[in-house]
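The values are calculated or read from the model by the stated rules, or taken from the named source; none is laboratory data. Predicted model, so just to flag it, every value in this text is computed and none were measured. Cβ sites come from the backbone with ideal geometry, for glycine too, and all protein chains shown count toward neighbours.
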Amino acid sequence: MAQRNLGLPILPEIQSLLREVAVKLGRILLVLVSLTVVGAAWPALTGAQGGPCSPRTPQYCPPPKVTVGPAKQVTSTAATLTGTVNPNGSATSCWFEYGRTSAYGSRTPVRSVGSGSKSKKLSARITGLTPGTVYDYELACRNLGGQASQGPANFRTQSEVSFRGSSTISVSRSGMLSVALHCRGHLRCVGSLTLTGMGGKRLARRVRYSVRPRRTAHISMRLTRRTRRRLSRRHHLTGWLHARGHDGSSARRRVQLHERRAA
């Protein structure tokens, strides 16, 4: 016996209607997907994160945008740290962190920079640094939207050379004298040493020095012939010792030159 077909025939009009409904549902679904994608990307595009920024709705506040700058006016024991910050519309406070490693360990006082939407320059002078040492630092800022930082950047303090011993220096009959120089820091102190009179005229030949870190070295100098003749007549002269480091550091000292008498 032939099997009976129980399915109902679908009229062409119904088939056409179903196709139109499917097309419209597809378009509606595409629009919903597009709105979802745009809604998710809107905070990144506008920085608004979906609502007005206020203390009650900090989730809608964008964090500050910070840029760390170079260290300026670096000496053996101090430096000026610089940077810029855009508060992005809410009250922002900033500070610098610094130290001998990227773990820092020190920070400058917190400074308020307001709540504008334009970049503002920042700077802070730090002191009490160790000569001849590399320091890392970063700029950090905080507002209702959170905290942002940039770093580490770094700079090297200048080596520091200083004079040791008495300011009264004994000079041999051949015009030789010895100057004690001390190098403070973690780097070798290298530079030149000059001796001039009170009027600025040279009393001795310029010599170069190179002192190991945290050590004292005795640098020999020889007076000019003219200075030796003057010292022989007067038995004492006043002058200035000036040590100039290749890294820009310097030290100056007023000294009394005395002729060493033969025993």
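Looking at 184, 208, which is the one that is within 26 Å of residue 134 (Cα to Cα), buried (at least 19 other Cβ atoms within 10 Å of the Cβ), basic (Lys, Arg) and in the same structural domain as residue 167 (by TED's automatic domain parsing)? Break it down stepwise before answering.
Working: 208 fails: buried (at least 19 other Cβ atoms within 10 Å of the Cβ).
Within the list 184, 208, the selection yields 184.
For the stretch 223-253, the set of residues classified as closer than 22 Å to residue 160 by Cβ, surrounded by fewer than 13 Cβ atoms within 10 Å (Cβ to Cβ) and in contact with a Leu (Cβ under 8 Å, 6 or more places away or on another chain) consists of 252 only. Would it be correct to say that residue 178 is of a type in the set (Gly, Ala, Ser), within 30 Å of residue 238 (Cα to Cα) and touching a His at 6+ places or on another chain (Cβ under 6 Å)? Yes, satisfied.
Restricting attention to strands (runs of 3 or more DSSP E) lying wholly within the stretch 82-132, give those where 3 or more residues are at pLDDT below 95.
Values: elements: 92-99, 111-114, 120-126.
Answer list for the stretch 82-132: none.
Collect the residues in the stretch 134-146 that are over 13 Å from the mean Cα position of the chain (by Cα) and either assigned to a loop (DSSP other than H, G, I, E, B) or farther than 17 Å from residue 95 by Cβ (or both), keeping them in residue-number order. So that I can check it myself, show each step before the final result.
Step one: of the stretch 134-146, the residues over 13 Å from the mean Cα position of the chain (by Cα) are 141-146.
144, 145 - these are the residues of the stretch 134-146 that are over 13 Å from the mean Cα position of the chain (by Cα) and either assigned to a loop (DSSP other than H, G, I, E, B) or farther than 17 Å from residue 95 by Cβ (or both).
Each row is one residue, and each column tells you yes or no for (1) surrounded by 15 or more Cβ atoms within 10 Å (Cβ to Cβ); (2) of a type outside the set (Asp, Glu); (3) under 29 Å from residue 101 (Cβ atoms); (4) outside the structural domain of residue 242 (by TED's automatic domain parsing).
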site	(1), (2), (3), (4)
143	yes, yes, yes, yes
149	yes, yes, yes, yes
170	no, yes, no, no
179	yes, yes, no, no
191	yes, yes, yes, no
221	yes, yes, no, no
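Residues in the stretch 146-169: is at least one within 30 Å of residue 62 (Cα to Cα) and touching a Lys or Arg at 6+ places or on another chain (Cβ under 8 Å)? Yes, the stretch 146-169 contains at least one residue that is within 30 Å of residue 62 (Cα to Cα) and touching a Lys or Arg at 6+ places or on another chain (Cβ under 8 Å).
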